Amino acid sequence: MRQFAGLGTAEDTNNRFKYLISHGETGLSTAFDMPTLMGYDSDSPMSRGEVGKCGVAIDTLKDMEILFDGIDLSKVTTSMTINPPASILLAMYICVAEKQGVGMDKIGGTIQNDMLKEFIAQKTFMLPPEPSIKLIVDTVEYCTENVPRWNTISISGYHIREAGSTAVQELAFTLADGIGYVQACIDRGMNVDDFAPRLSYFFNAHIDFFEEIAKYRAARRIWARVMKERFKAKNPRSWMLRFHTQTAGCSLTAQQPYNNVIRTAYEALSAVLGGTQSLHTNSLDEVLALPTEHSVTIALRTQQIIAEEIGVTNTIDPLAGSYFVEALTNKMEKAAMDYINKIDELGGILKAIELGFPQQEIADAAYRYQQQIDKNEKVVVGVNKYTMEQEQPIEILRIDPEVEKKQLERLKKIKAERDNEKVTDRLGKLKDAAKRDENLMPYIIDAVREYATLQEICDTFREVYGTFSDPAMF
């Protein structure tokens, strides 16, 4: 049970983590603010007005130490929704564990670390596609050898669906991304059975109940077949599609927000019936702001009621054998494979992205969906049917502007007190290693340990590899 948590400063988020743990959460899930997601420090002009607004601000190892203060990293697993600077946040987590006396072989968790879906859908960019994949493979290779309990990529369909894709497109493009990552690791010289068991997936639980269940069932069948037949994996754990699910943010409405509790419960139930191993339930106010403690508690209780009261976890795949579910699973599997075969014909997922194929398919699907709502062909309760002239206002969480001021003061202090000669030396070694095309994880860890900032490391990447701008295909 993971509730996405990240707000304001590291202290604020640490308090939210402890609140959730005390109310029965079983795994931490971290949301970062936009500057952190994009590889900028809080004192960058690019960050002004955004610090701590949509997640926690992390600039240096000091922030990470505060974020997990009082939380034993040998006893929790932590998911971090981070992509361009994922290797840096992983390095920070490793260093925090080190300071706690917890070895790399004892920590467990997940970094999203999925840049292919960023190019397709979510659009947080730093480097061009090829060096982005290089950094991802570096983390896979390093963790395979040194951090064996870490899930090195969370291959994410969630954001593809949030961008407006259909269920079939989410399924197909996500698995195509997974195929691309496996191939990149094999091209590095890695044995598929050494790294594949630590790959994980992240799917969206949307509002069409049976379609979502069929999607998860089809995903497992396709992935097992791809790993066995295409990549010749021998270890049964390499065939397993382990996945986290989050209920659909894009299905929530600002109108009549208490209806979102009901939507979330049904979406969560579809994920459980479909076999998810890990779940986040959205809060009723997430369409408006970061969730309040009250709303996030209702969301967590939704999971707990599904897990503890209604009996659906008592059997595996409870809808197996249903004519409708089996037929729908077969239909979705075939439609997804048609997309995957098309991507193979185009030269693989990287080439398909360069050509704008998945981007165009998603844009068309999103446009069709919105037309259906506008024409009342698809009902959204409280939006185009059963509307109310006056709605009861709800309390929403607002991030105090003082958050940015406090974060800038801490960053300034860290930069003044750290050993800047060592920082310069570690960043120089990182740059040289990047030019030599070495695995960069050891150099990133060394830089982080000396309190090099997130942006200082990312700027080193940008200097060596260049930057990426979205071609903005419609």
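The values are calculated or read from the model by the stated rules, or taken from the named source; none is laboratory data. Bear in mind the structure is a predicted one, so any value in this text is a computation, not a measurement. Every residue, glycine among them, receives a Cβ derived from its backbone with ideal geometry; neighbour counts consider all protein chains shown. Calculation scope for accessible area: heavy atoms of the full protein, side chains included, ligands and nucleic acids excluded. Shrake-Rupley method; radii C 1.70, N 1.55, O 1.52, S 1.80 Å.
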Of the listed residues (Asp400, Asp338, Asp364), the one being under 30 Å from Glu25 (Cβ atoms) and acidic (Asp, Glu) is Asp400
Just to be sure, is Ser132 in contact with a Lys or Arg (Cβ under 6 Å, 6 or more places away or on another chain) and surrounded by 19 or more Cβ atoms within 10 Å (Cβ to Cβ)? no
For segment 193-223, which positions are more than 17 Å from the chain's Cα centre (by Cα), under 17 Å from Cys143 (Cβ atoms) and of a type in the set (Gly, Ala, Ser)? Ala196
Against the condition touching a Ser or Thr at 6+ places or on another chain (Cβ under 7 Å), open to solvent by less than 10 Å² (accessible area, probe 1.4 Å), of a type outside the set (Ser, Thr, Tyr) and touching a residue at least 40 places away in the same chain (Cβ under 8 Å), how does Asp63 come out, does it pass? no
If I ask for residues that are of a type outside the set (Val, Ile, Thr) and modelled with pLDDT of 90 or more, which ones from segment 1-18 would you list? Ala10, Glu11, Asp12, Asn14, Asn15, Arg16, Phe17, Lys18
Would you point out the residue of segment 313-330, among those that are modelled with pLDDT of 95 or more and in a helix (DSSP H, G or I), that is nearest to the chain's Cα centre (by Cα)? Thr329
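Check Thr166, Thr139, Thr144, Thr152 and return the single one that is at pLDDT below 95 and either hydroxyl-bearing (Ser, Thr, Tyr) or under 24 Å from Asp459 (Cβ atoms) (or both).
Thr152
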All-but-one check, Gly108 against (1) touching a residue at least 24 places away in the same chain (Cβ under 8 Å); (2) more than 25 Å from Thr281 (Cα to Cα), failing number (2)
Name the single residue, out of those in segment 330-378 being crowded, with 16+ Cβ neighbours inside 10 Å and among the β-branched types (Val, Ile, Thr), that is nearest to Arg225 (Cα to Cα). Ile340
Which one is modelled with the lowest pLDDT among residues in segment 31-46 that are open to solvent by less than 10 Å² (accessible area, probe 1.4 Å) and charged (D, E, K, R)? Asp33
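Within segment 302-312, which residues are open to solvent by less than 60 Å² (accessible area, probe 1.4 Å) and more than 28 Å from the chain's Cα centre (by Cα)?
Gly311
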Quick check on segment 168-180. Is at least one of its residues of a type in the set (Asp, Glu), in contact (Cβ under 8 Å) with a residue 60 or more places away in the chain, touching a helix residue (DSSP H, G or I) at 6+ places or on another chain (Cβ under 8 Å) and open to solvent by less than 10 Å² (accessible area, probe 1.4 Å)? yes
Does at least one position in segment 189-199 carry a residue that is touching a strand residue (DSSP E or B) at 6+ places or on another chain (Cβ under 8 Å), in contact (Cβ under 8 Å) with a residue 24 or more places away in the chain and buried (at least 22 other Cβ atoms within 10 Å of the Cβ)? yes
Return yes or no: is Ile82 touching a Phe, Trp or Tyr at 6+ places or on another chain (Cβ under 7 Å) and β-branched (Val, Ile, Thr)? yes
Counting only residues that are within 16 Å of the chain's Cα centre (by Cα), over 15 Å from Ala366 (Cβ atoms) and of a type in the set (Val, Ile, Thr), segment 141-166 contains a total of 3
Restricted to segment 101-126, and to residues that are in contact with a Pro (Cβ under 7 Å, 6 or more places away or on another chain) and in a loop (DSSP other than H, G, I, E, B), which residue is surrounded by the fewest Cβ atoms within 10 Å (Cβ to Cβ)? Asp105
Per-region count, segment 236-271, residues assigned to a loop (DSSP other than H, G, I, E, B), open to solvent by 20 Å² or more (accessible area, probe 1.4 Å) and closer than 20 Å to Ser154 by Cβ: 2
Of all residues in segment 58-100, which are under 16 Å from Tyr451 (Cα atoms) and not in a helix (DSSP H, G or I)? Ile58, Asp59, Thr60, Pro85
Glu212 passes all but one of the listed conditions (1) of a type in the set (D, E, K, R); (2) surrounded by fewer than 24 Cβ atoms within 10 Å (Cβ to Cβ); (3) farther than 19 Å from Thr110 by Cβ; the exception is number (2)
Out of all the residues in segment 420-428, is one or more at pLDDT below 95, among the acidic types (Asp, Glu) and open to solvent by 90 Å² or more (accessible area, probe 1.4 Å)? no
Per-region count, segment 318-329, residues touching a residue at least 60 places away in the same chain (Cβ under 8 Å) and open to solvent by 80 Å² or more (accessible area, probe 1.4 Å): 1
Kindly indicate whether Thr315 is surrounded by fewer than 16 Cβ atoms within 10 Å (Cβ to Cβ) and not basic (Lys, Arg). yes
Among the residues of segment 141-165, which ones are buried (at least 23 other Cβ atoms within 10 Å of the Cβ) and either without any contact (Cβ under 8 Å) to a residue 12 or more places away in the chain or in a loop (DSSP other than H, G, I, E, B) (or both)? Val147, Thr152, Gly157, Ser165
